[in-house]
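Notes for the one structure printed next.
What follows is calculated from the coordinates using simple rules that are stated; it is not laboratory data. Here the structure is a predicted model, which is why all the values come from computation and not from measurement. We place every Cβ from the backbone using ideal geometry, glycine too, and count neighbours over all the protein chains shown.
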Amino acid sequence: MLIVHVFANIKPDQVEAFRAASIENAHNSVQEPGVARFDVIQQQDDPTRFVLVEVYRTSDDPARHKETAHYQKWRETVAEMMAEPRTSVKYSNVFPDEQGWD
């Protein structure tokens, strides 16, 4: 599995619009066969900061996700809502693993 954390800092007056767009994107993303999980997380002490936790089944699935209409709509919708460019970090799962240690 490939886990991607996307960090987004949103303009204060755009928080609710970003939330709505991201929830819609997540709802559609979890229906993709290559997406195992897609969480939208908002920081408690700074509601302008979000983390999208995207869990893909293979390393090819993020590229497939970026080809979907719902992702492209999200990307265009939220582009001007960002207080700064979003960043991401990729992770590999350690536990649970493919050997069934879940």
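Points worth noting:
- Screening Gln44 with (1) exposed (fewer than 13 other Cβ atoms within 10 Å of the Cβ); (2) under 19 Å from Thr68 (Cα atoms) gives one miss only, at (2).
- The residues in the range 9-41 that are crowded, with 16+ Cβ neighbours inside 10 Å, free of Cβ contacts under 8 Å to residues at least 40 places away in the same chain and among the hydrophobic types (A, V, I, L, M, F, W, C) can be counted, and the count is 6.
- Applying the criterion of being in contact with a strand residue (DSSP E or B) (Cβ under 8 Å, 6 or more places away or on another chain) and of a type in the set (Phe, Trp, Tyr) to the residues of the range 28-80, the residue that is farthest from Phe18 (Cα to Cα) is Tyr56.
- A single entry from Val30, Val51 fulfils the requirement of being hydrophobic (A, V, I, L, M, F, W, C) and farther than 12 Å from Val6 by Cβ: Val30.
- Within the range 52-78, the residues that satisfy the criterion of being within 14 Å of Pro33 (Cα to Cα), of a type in the set (Asp, Glu) and either more than 11 Å from the chain's Cα centre (by Cα) or surrounded by fewer than 16 Cβ atoms within 10 Å (Cβ to Cβ) (or both) are Asp60, Asp61, Glu67.
- Glu84 of a type in the set (Asp, Glu) and either buried (at least 17 other Cβ atoms within 10 Å of the Cβ) or within 15 Å of the chain's Cα centre (by Cα) (or both): no
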